[in-house]
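Report on one structure; see the data block that follows.
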């Protein structure tokens, strides 16, 4: 069995693809699986670390504001189409699975042209433009949230699966990783991160929030800034002379499941994968959707647990240091509310997405 996985740009597209590939490998140990991505996306580092071969094609996104730059985009697309066809001819896959990002387009369309079974997975409650365009070229469209059904025309192709997450998130327990991360039983643990690339607005607010939290007894903050923001945030915290034993600053972590499992409260953006991992772990969260995404899809992702009572949704335009600090302390001081949020979060969590996807593949 030969399988091509394609998807890229950010971890939100890449990790679901890895989760699906891992499932296929567990059920079919002799399966040959390769990934197709771009050299500019995070897949170039993440995929090899996960033990899979990756090949690259040339493709870039369309510019809505700087229209003249689309000349390069069109040239890239033409080149990417040729490269995609060459990969398919050489590898001869039985199926192709796309998990989002511009890189999926050339591979999925070429697979359709050659009569190869193909599938796409949409992580968000509000689908991305690439997947909406590709629904005509695939056999099935897997969606994470039922809310996404309204945005696809081919209803007969839709399968609600949930979001594929790595097995490590489903087998973790809080105490295991609290011990490993040297967290005392009495400590209230906050995990803050802005997605795989970091989030400037959240980081800026959290620098000032961290100063307030450092004065509160028994709070421990793990603050994951994103690699590009790390040095700047580190200097800001150093100027404030914050106790480093209370505030743990990190640029990026590969073992996110350990920190997520150990935390009492999560503060983050609301990318689809992030929301799925938080709810699978049954964690209370403060979700701050990025407004700079297509169709404001992070807002719709955040509403899913928020509407059930599992998350506090704060739009970026309403984000203030005072509001964020007050919300954190309110939840810290109300264990009953925090536990209820965790239960509500778990109620929307999906634990069998990769199983549902695997059962709907036709090899």
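The values are calculated or read from the model by the stated rules, or taken from the named source; none is laboratory data. None of the values given here were measured: they were computed from a predicted structure. With ideal geometry, Cβ positions are generated from the backbone for all residues, glycine too; neighbour counts draw on all protein chains shown.
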* Asked: Say we look at the range 155-166 and pick out the residues that are outside any strand (DSSP E or B) and touching a residue at least 60 places away in the same chain (Cβ under 8 Å); which of these is surrounded by the fewest Cβ atoms within 10 Å (Cβ to Cβ)?
  -> 166
* **Filtered residue count, the range 237-274, keeping only those that are in contact (Cβ under 8 Å) with a residue 24 or more places away in the chain and out of contact with any helix residue (DSSP H, G or I) (no Cβ under 9 Å at 6 or more places or on another chain)** => 2
* Asked: Condition test on residue 308, is it at pLDDT 95 or above and in contact with a strand residue (DSSP E or B) (Cβ under 6 Å, 6 or more places away or on another chain)?
  -> no
* Asked: Of the residues 188, 232, 152, which single one is modelled with pLDDT of 95 or more, surrounded by fewer than 19 Cβ atoms within 10 Å (Cβ to Cβ) and more than 28 Å from residue 50 (Cβ to Cβ)?
  -> 152
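Output the residues belonging to the range 23-39 that are more than 21 Å from residue 85 (Cβ to Cβ) and either touching a residue at least 12 places away in the same chain (Cβ under 8 Å) or crowded, with 18+ Cβ neighbours inside 10 Å (or both). It would help to see each step written out before you state the result.
Going through the range 23-39, the residues more than 21 Å from residue 85 (Cβ to Cβ) turn out to be 23-31.
Matches in the range 23-39: 23, 24, 27, 28, 30, 31.
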* Do the conditions hold for residue 110, that is, is it in a helix (DSSP H, G or I) and either within 14 Å of residue 36 (Cβ to Cβ) or outside the structural domain of residue 55 (by TED's automatic domain parsing) (or both)? -> yes
* **Count of residues meeting criterion [surrounded by 13 or more Cβ atoms within 10 Å (Cβ to Cβ) and either in contact with a strand residue (DSSP E or B) (Cβ under 9 Å, 6 or more places away or on another chain) or at pLDDT 95 or above (or both)] in the range 51-81** => 5
* To do: Taking only the range 134-149 into account, find how many residues are within 28 Å of residue 254 (Cβ to Cβ) and either at pLDDT below 95 or more than 18 Å from the chain's Cα centre (by Cα) (or both).
  => 2
* Looking only at the range 206-222, decide whether some residue is modelled with pLDDT under 90, out of contact with any strand residue (DSSP E or B) (no Cβ under 7 Å at 6 or more places or on another chain), over 24 Å from residue 184 (Cβ atoms) and loosely packed, with under 15 Cβ neighbours inside 10 Å. => no
* Answer with yes or no whether residue 131 is buried (at least 24 other Cβ atoms within 10 Å of the Cβ), touching a helix residue (DSSP H, G or I) at 6+ places or on another chain (Cβ under 8 Å) and modelled with pLDDT under 95. => yes
* **Filtered residues of the range 310-363 (kept if assigned to a helix (DSSP H, G or I), in contact (Cβ under 8 Å) with a residue 12 or more places away in the chain and closer than 30 Å to residue 1 by Cα)** => 353, 354, 355, 356, 357, 358
* To do: Could you tell me which numbered condition residue 358 fails, if it satisfies all but one of (1) modelled with pLDDT of 95 or more; (2) within 27 Å of residue 131 (Cβ to Cβ); (3) assigned by TED's automatic domain parsing to the domain that holds residue 207?
  => (3)
* Could you pull out every one of the helices (runs of 4 or more DSSP H) wholly within the range 178-290 that has 3 or more residues that are under 28 Å from residue 351 (Cβ atoms) and under 16 Å from the mean Cα position of the chain (by Cα)? => 256-262, 272-280
